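Here, each number is a calculation from the coordinates, and none is a lab measurement. Note that the structure is predicted; figures quoted are calculated from it, not measured. No Cβ is skipped: glycine too gets one built from the backbone with ideal geometry, and neighbour counts run over all protein chains shown.
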Amino acid sequence: MNKNKEKLLNSRYRAEKRFQFYGKSAIFLALLFLTIFIFKIFSTGYTAFQKTWLIVPVTFDAETLYLDENPSKEDLEDADYFDLALQTMFDLDKSASEKQQNDLKRMVSYFFEREIKRELLNDPSLIGKTKDVYLTASDDLDQVFKGNYPRDLPEDQRRVTDYQLKIFDQLVEQGRVESKFNLSFFIYPDSREAELAGIASSFMGSIFSILVCLVIAFPVAVLAAIYLEEFAPKNRFTDFIEVNINNLAAVPSIVFGLLGLGILLAVFQLPRSTPLVGGITLSLMTLPTIIIACRASLKAVPPSIREAALAMGASKMQTTMHHTVPLSMPGTLSGTIIGLAQALGETAPLILIGMVAFVNTIPGSPLDPAASLPVQIYIWAESAERGFVEKVSACIMVLLGFLIIMNLFAQIIRHKFEKKWS
Amino acid sequence: MLLGFTSYYFGRKKAYSIQATNTRLTALPQFYGYYLAIWCAIPAFIIYSLWAIFEPSIVKLIILSDYSNQGYLDDELNLIYEKTKSLSRGQFSGEITPYLETSAEKYLNLRSIAQNSKVVLILAIIIASIVYGYKRISSNNRTREPVEKFLNAVLFTASLAAILTTIGIVFSLIFQTIDFFKVIPLFDFIFGTHWYPAKAFVRDASEPLDPSMYSDTFGAVPIFAGTFFIALIAMCVAIPIGLMSGIYLAEYASTKVRQYAKPLIEILAGIPTVVYGFFAALTVGPFLKDIGTAMGLEVSAESALAAGGVMGIMIIPFISSLSDDVITSVPQGLRDGSYAMGATKSETIKKVIFPAALPGIVGSILLGVSRAVGETMIVVMASGLAANLTFNPLESTSTITAQIVVILIGDQAFGDPKTQAAFALGMTLFLVTLSLNIFALRVVKKYREKYE
């Protein structure tokens, strides 16, 4: 009898232990996913912040440039650099066949002639002299140098030929290959060539959309929250508004994209692919989030504040505007920032309103076509070239960095400025 | 703007001057300022917007009156007007006829007249309304009440924004959806088992629509099944992990663990979905494929399992924090009663707390399902885009959201059944998630009331 009881008790304790173990492993799993995730992104992405350069001696021969003696600044500007640039690459291996010459040309980026041109424009006295010039390596060689490209694949499965590898290895031996901080990733717009693609255009697109979103969503949401929390009579209609807001907060984001497409583009004829339309769409999406946050922080202001103001003879409007709203501002602001962070990471609605278009200029206003950071991630992730993989990860790192900063900022505002009512 | 500020200033100054004459003011001085500023802005604003709405059509009417007796059709007249406009902007690249040139000149002329008269009219109105408002101030009228009434109206209008958004969603979806069902019978859409919108892609716009061409093209069953299936996989990952971590955080974890673990898990909810999509496509998909090949299974690199699994990870925090909240709000008395009967902690949780918290937990799971159904980017990037009718988790399937993106990416032609199909899918999605949300929110709310 006693033994049975003990057995039962032991098995119950074991069940208890087991249950605790399930709980712990669930949390462990969730955190494990997070770690793998971040590790994966960082390990594939950090190389994108470096860029490989080939250092190639360029002879600025006036004849190859078709220049007269003593050329003016404009002459230099208009000169044809392509032949000079080609000649420079061919000089790397004087015995190259025609096919190999083509390979040589492909070892550097698509716009290598511009890099040579810039060098000469900076120092026109170089004509007739030879100088080492930094040329952007092609994205495949860039990947080879970073060790992301398997060299032991058979040649026909690689985009780099054996010949290119041979020349490249020679250059490495001569110390003519260098890795430097990849500034162009931050200041160049998108490009079809992985080695030249940067996030500047999508970054500006994101900034503009978020600004439009802030300008529209913040005032409307705060005013709506004030009305609903402080002034609205309790009736069917205000109940309806409330249900509406709660539901809108849970509507899938892609439906807002359809709204943008069906109303903003089709009915109001706003320009496609622009941050303006993107911002309006996002603002409709973040509106309920901000309203809910703002109402919560208005609710947290104790009634004694209101009663004191009313007792001093202030009108309801004065009480609200001079006392309640300023006191609720920290909560509202941090809610707004979190809402904006959500909007910043949103992709699907922007794709529908055409912000996936290839944009190779940096937008200067919300009315210029642009992409946004998450959409840029999507565009690059869909392209087949190997060089884009690390770019995607790097772009994700930039995006996550922004989200973390915004969320930290929201936390700081909340903890620093929020009054604790006891 | 500038006028607004100056009128605020004048209004307040006037109020002070009244005060100086020892008359009692009926409101604080700045209300006089606001009052005047509102008088200055509102009538002018109304006229301005009316002007902006009607100006183009009036100008168009005048321009086209030149052509009215030449027997053009409406479409042609519209074309002429567009040509005139682009010519006057200097962007016209077609053949320039003398007719067009005269009307372009006339257009520019009219525009400048309109511009000038607009400025004059609005200035006049501003001045008139300021003078009117100023007079009323001088007679020491009440100003606080009208100003507050005005502010109240502004607040109320802002609160309508949410309703307007909902109306906007419904309107943008409904017209296209109705047009779609005019061509494709509702029955074919709901019960058809073939979804090949690409088939409808090539269509000569000049030919009339032939509904028979689209039979067997827009059968949504494979997509509905795929949506359901991927959501199911996601929930298989999210429910056990989310629920168990919610329970652990609420019942077992020390304050310190809770303080760190909770926000860390919630980071998972803050990561943009496109990032999850990239992760699923780049890491999870090939990983599953390798495992599958090692076990002798044929796994597609874009499998439903990869998309669903990653989506499940994304939903974990929704379920864990909601169920955490729900469990914490179960009254302590229930726990104490169970402990007093000699139950262990896990028995209490399983037999007492869990049943008590069940409605709330179901609500949180339903909200998770609605997330999974509405999730777009993970599916677009990690699972296939072809709608296969399959329940093999190792093959690729497609969902409602992914199909919307596939159809609408790039240029859209409104009026084409293919585009309308996307809106019909969007309508379905909206209705499904809406009913899920309403139901879940109601369940959670009922549950809260029970213990308050």
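Taking 19 Å as the cut-off, the amide N atoms of the stretch A:139-154 that come nearer than this to a point 7 Å along the Cα-to-beta-carbon line of A:Gln170 belong to A:141-142, A:145. Report, in listed order, any pair from A:Lys5/B:Lys345; A:Lys99/A:Lys180; A:Lys94/A:Lys131; A:Lys299/A:Lys416 with a Cα-Cα distance greater than 23 Å. With Cα atoms farther than 23 Å apart: A:Lys99/A:Lys180. Multiplying the residue separation of B:Ala386 and B:Lys446 by 0.36 nm and removing their Cα-Cα distance gives an extension gain of 17.4 nm. Given the convex hull over the Cα atoms of the stretch A:356-422, what projected area results after averaging over all orientations, in nm²? Answer in nm², one decimal: 7.0.
Excluding B:Tyr339 itself, what net charge comes from residues whose Cβ is under 11 Å from its Cβ, given Lys and Arg +1 and Asp and Glu -1? Here the charged neighbours net out to 0.
Rounded to the nearest whole angstrom, the semi-axes of the ellipsoid equivalent to chain A, taken from the Cα gyration tensor as √(5λ), stand at 56, 33, 19, largest first. The mean number of partner chain beta-carbon atoms within 10 angstrom of a residue's beta-carbon across peptide B:434-441 is 3. Residues of the stretch B:338-363 falling in the label zone of A:Arg18, defined by backbone nitrogen less than 17 Å from a point 7 Å along Cα to beta-carbon, are B:344-351. In this simple spin-label model, placing a label point 7 Å from the Cα along the Cα-to-Cβ direction at both B:Lys256 and B:Thr157 gives a separation of 5.7 nm.
Taking amide H as placed 1.01 Å from N in the peptide plane, A:Val133 has its amide H under 5 Å from the amide H of A:Val56, A:Val58, each at least 5 places away in sequence or on another chain. The residues B:Ser383, B:Ser103, when put in order of fewest to most other Cβ atoms within 10 Å, stand as B:Ser103, B:Ser383. Quick note on the stretch A:8-53: its Rg to Rh ratio, both from C-alpha atoms and Rh being the Kirkwood radius, is 1.49. What the Cβ-Cβ distance of B:Ile62 and B:Ala128 gives, at R0 = 25 Å and to the nearest 0.05, is a FRET efficiency of 0.35. Across the stretch A:246-399, Cα-Cα pairs more than 26 Å apart make up 44 percent of the total.
Kirkwood radius and radius of gyration were both taken over the C-alpha atoms of the protein assembly as shown, and their ratio Rg/Rh is 1.03. Backbone N atoms of the stretch B:245-263 closer than 15 Å to the 7 Å Cα→Cβ label point of A:Thr35 belong to residues B:261.
Taken over the C-alpha atoms, the stretch B:225-350 has Rg and Dmax values of 18.4, 55 angstrom. Of all complete DSSP H helices in chain A, those with a Cα span along the helix axis of 15 Å or greater and a mean Kyte-Doolittle hydropathy of -1.0 or more are A:2-45, A:162-173, A:200-226, A:236-248, A:275-299, A:325-344, A:387-417. Working note: Debye formula, equal point scatterers on the alpha-carbon atoms of the stretch A:51-180, no solvent; log10 I(q)/I(0) at q = 0.09, 0.15, 0.21 Å⁻¹ is -0.28, -0.71, -1.21. Projecting label points 7 angstrom from Cα along Cα→Cβ for A:Asn102 and B:Arg111 puts them 5.1 nm apart.
Run a plain Debye calculation on the stretch B:320-452 (Cα atoms as equal point scatterers, no solvent) and give log10 I(q)/I(0) at q = 0.13, 0.18 Å⁻¹, rounded to two decimals, same order as the q list. Values returned for q = 0.13, 0.18 Å⁻¹ are -0.72, -0.98. Counts of other chain beta carbons within 10 angstrom of each beta carbon in peptide A:221-233 average 4. A run of chain A free of exposed loop cleavage sites, with trypsin sites (Lys or Arg not before Pro) counted only in DSSP states other than H, G, I, E and B and at most 13 other beta carbons within 10 Å, reaches its longest extent at A:235-418.
The alpha-carbon atoms of the stretch B:221-450 define a convex hull whose volume equals 143 cubic angstrom per residue.
For peptide B:278-286, the mean count of partner chain Cβ atoms within 10 Å of a residue's Cβ comes to 4.
Estimated from the Cβ-Cβ distance and a Förster radius of 60 angstrom, the FRET efficiency linking B:Tyr339 and A:Gln50 is about 0.50. Taking label positions 7 Å along the Cα-Cβ direction at both A:Thr59 and B:Phe54, the computed distance is 7.8 nm, reported to one decimal.
Using a cut-off of 22 Å between Cα atoms, the listed pairs B:Lys256/B:Lys445; A:Lys316/B:Lys149; A:Lys17/B:Lys351 include B:Lys256/B:Lys445 as exceeding that distance. Put in order of Cβ neighbour count within 10 Å, fewest first, the listed residues A:Ile41, A:Ile404 become A:Ile404, A:Ile41.
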